[in-house]
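The values are calculated or read from the model by the stated rules, or taken from the named source; none is laboratory data. Note that this is a predicted model, so its numbers are computed, not measured. Using ideal geometry, Cβ is built from the backbone for each residue, glycine included, and neighbour counts are taken over all protein chains shown.
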Amino acid sequence: MSSNITECELEHRLLAEVASRRQAFLQALQALDLELALQFQQLPADEWADHGALSAWPQLQPHITQLKQLDAALCQQLLGLYGLCSDCEAELSYELLYQDPCRQRCAQCELKHLNSQHTSWTL
Ligand SMILES: [Zn+2]
């Protein structure tokens with residue numbers, strides 16, 4: 001299968017994902033606490049996920065997880081490690097990254113990771 005996805009398109013895809021996830025988070029926060037949402041807009045977005053005030057809103061946890069994934073991907077990009085599996089350092093395919101720009105692991109490591117999570121849950 002040939003791929004027409006370029007590095008540049010991938011970067012745009014990541015930035016679009018960053019914008020849309022941050023937007024979704026702010027909207028969810030606004031619905032819960034408008035004042036806090038306004039405060040967050042004044043903060044650098046990479047500080048959002050660790051903000052202590054969010055512990056009052058456990059229902060935002062899925063959004064916070066997504067923000068942390070973004071921050072990790074952006075950090076990797078800065079370090080030139082974007083698109084490498086965080087476990088085995090294999091290069092992820094552009095197709096995979098295009099589907100999920102915050103993807104951290106190759107298919108094999110993802111499977112191992114999920115299995116190990118399941119194991120720790122049942123203990
Ligand atoms: Zn891997």
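Please determine, by comparing only the residues of the stretch 91-113 that are within 17 Å of Val18 (Cβ to Cβ) and polar (S, T, N, Q), which one is nearest to the ligand (Cβ to nearest atom).
Only one residue fits best here, namely Gln104.
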If we keep just the residues of the stretch 70-95 that are assigned to a helix (DSSP H, G or I) and out of contact with any helix residue (DSSP H, G or I) (no Cβ under 8 Å at 6 or more places or on another chain), which is farthest from Arg13 (Cα to Cα)? Leu79
Test Asn4 against the stated conditions and say whether it is modelled with pLDDT under 95 and within 15 Å of the ligand (Cβ to nearest atom). no
Would you mind finding the one in Ala107, Ala90, Ala73, Ala53 that is surrounded by 15 or more Cβ atoms within 10 Å (Cβ to Cβ) and of a type in the set (Gly, Ala, Ser)? Ala73
Please verify whether the stretch 28-42 includes one or more residues that are among the hydrophobic types (A, V, I, L, M, F, W, C), closer than 30 Å to Cys106 by Cα and without any contact (Cβ under 8 Å) to a residue 40 or more places away in the chain. no
Qualifying positions in the stretch 43-90 - within 16 Å of the ligand (Cβ to nearest atom) and touching a residue at least 24 places away in the same chain (Cβ under 8 Å): Ala72, Ala73, Tyr82, Gly83, Cys85, Asp87
